[in-house]
Amino acid sequence: MDGEFALDSDVLYLNHAAVAPWPRRTAAAVRTFAEQNVRRGSVDYAQWLKTERALRHRAQRLVNAGSADDIALVKNTSEGLSLVAYGLDWHDGDHIVSTNQEFPSNRIVWESLQGRGVALRCADLSGDDPEGAIIAAMDARTRLVSVSSVQYATGLRLDLVRLGTACRERGILFCVDAIQSLGALRFDAQACHADFVVADAHKWMLGPEGVALFFSRPQARAQLGLTQYGWHMVEHAGDFERAEWRPAASARRFEPGSPNMLGIHAMEASLSLLEEAGMENVEAGVLARTSRLIEAILAEPALELVTPREPARRAGIVTFRFRGRDGDFHAQLYRQLMEHGVMCAHRGGGIRYSPHFHTGTDIIDEALRLALELARSAG
Ligand SMILES: Cc1ncc(COP(=O)(O)O)c(C=O)c1O
């Protein structure tokens, strides 16, 4: 991957859990696409469609879907979750189970169903057995469980196989917001019995904002009513003279009109890099870096770790706090870190660092040193 990452030397980038920097090849793909548009318009549209197909296949391999037909390309994670929420045929008294640590995208959409008599139950993940808490919240009226694979603030990684198995045994649909793990960790939609998986490209997948993959298992897909219509979502898309239509059997049924070709070119390039690197190596690289950070934090008496310390609970996010310090202190520290070039986030009441597999260990060490130094000089 030499030369693929070219961040300026004054940027210590530890914010892949927010918006990631692109690899060079992604920028090159966008430049080439732009240049083609300028010089040839859509003369090469057939080639663009090949890139679109290639992206669906890359996405299929990334989530280990049974078929590329199970992948829709949508706008973002929130849109994918909304397709599930407004596609299911809810009955008064149905429940959805989620957690108390979710990013708003995976809460608001379910709360919005309240008017239809659908209740959201949020399991408390702060105990020793977060999956147990989620399973305990399920009952005979639970239709769907929707969780993030990795929690955005604490970095807690859930055991999706255990959760998906529990859902399958009870006939409950299982929906995963995978934006905080896809591209950082290996993922297996079949092994974890996921019915729906959605993630935008702009975090660990190293792509642009505004293009996302949405996986649906065929049997689950059949349960989703459609809420958007157009020429592109029908079985015989492109046959404009045809009067009769039916929704495409594939996940393309969720794509009503013209695709985001620009985003598709960028995302395809980004996923090609992850595939070349090999997701096993990417995952090992991410975990090595978060382990390095976690060990350094645990060795520093002034710090407390917000992220769970058990290796199986970690992914790419490490959040820490200064002991005895309040929210204002951390908000101020966050601002100072950003001024010193440390791209990080203020989450979970502390500082969130999120390195990717290509992040230099010197950057991690320096960012932690700076946090300690800035905190000390703050008194
Ligand atoms: C867990 C999680 N879900 C969803 C989102 C937002 O996704 P999108 O903008 O693709 O809808 C974020 C962004 O931080 C997130 O952390």
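The values are calculated or read from the model by the stated rules, or taken from the named source; none is laboratory data. These figures come from a predicted structure and were not determined experimentally. No Cβ is skipped: glycine too gets one built from the backbone with ideal geometry, and neighbour counts run over all protein chains shown. The protein model used for the area step is the full one, side chains on, heavy atoms only, and it has no ligands, DNA or RNA in it. Shrake-Rupley method; radii C 1.70, N 1.55, O 1.52, S 1.80 Å.
Can you report the number of residues in segment 159-171 which are in contact with a strand residue (DSSP E or B) (Cβ under 8 Å, 6 or more places away or on another chain), open to solvent by 10 Å² or more (accessible area, probe 1.4 Å) and more than 16 Å from the ligand (Cβ to nearest atom)?
Matching residues across segment 159-171 total 2.
Please go through segment 199-209 and pick out each residue that is more than 13 Å from H16 (Cβ to Cβ) and more than 8 Å from the ligand (Cβ to nearest atom).
Once the filter is applied, which keeps residues that are more than 13 Å from H16 (Cβ to Cβ) and more than 8 Å from the ligand (Cβ to nearest atom), segment 199-209 yields only P208.
Looking only at segment 104-113, how many residues end up being touching a helix residue (DSSP H, G or I) at 6+ places or on another chain (Cβ under 8 Å), within 16 Å of the ligand (Cβ to nearest atom) and part of a loop (DSSP other than H, G, I, E, B)?
Filtering segment 104-113 for residues touching a helix residue (DSSP H, G or I) at 6+ places or on another chain (Cβ under 8 Å) gives 105-106, 109-110, 112-113.
From the residues that got through so far, the ones that are within 16 Å of the ligand (Cβ to nearest atom) too are 105-106, 109-110, 112.
Filter once more, so that each one left must be part of a loop (DSSP other than H, G, I, E, B): 112.
The total comes to 1.
Take the residues in segment 139-153 that are under 17 Å from the mean Cα position of the chain (by Cα) and not hydrophobic (A, V, I, L, M, F, W, C); name whichever of them is most open to solvent (accessible area, probe 1.4 Å).
Y152
Considering only residues that are more than 16 Å from the ligand (Cβ to nearest atom) and touching a strand residue (DSSP E or B) at 6+ places or on another chain (Cβ under 8 Å), which ones fall in segment 212-227? So that I can check it myself, show each step before the final result.
Let us first name the residues in segment 212-227 that are more than 16 Å from the ligand (Cβ to nearest atom), namely 216-227.
Result: S216, R217, A220, Q223, L224, L226.
List the number of the failed condition for Q101; all other conditions in (1) surrounded by fewer than 17 Cβ atoms within 10 Å (Cβ to Cβ); (2) in a loop (DSSP other than H, G, I, E, B) hold.
(1)
Looking at segment 35-54, which of its residues are loosely packed, with under 14 Cβ neighbours inside 10 Å and touching a residue at least 60 places away in the same chain (Cβ under 8 Å)?
Kept after step one, since they are loosely packed, with under 14 Cβ neighbours inside 10 Å, are these residues of segment 35-54: 35, 38-43, 45-47, 49-50, 53.
Matches in segment 35-54: none.
Which members of segment 1-34 meet the condition of being open to solvent by 90 Å² or more (accessible area, probe 1.4 Å) and either farther than 24 Å from D200 by Cβ or within 16 Å of the ligand (Cβ to nearest atom) (or both)?
Of the residues in segment 1-34, the ones open to solvent by 90 Å² or more (accessible area, probe 1.4 Å) are 2, 8-10, 22, 24, 31.
D2, D8, S9, D10 - these are the residues of segment 1-34 that are open to solvent by 90 Å² or more (accessible area, probe 1.4 Å) and either farther than 24 Å from D200 by Cβ or within 16 Å of the ligand (Cβ to nearest atom) (or both).
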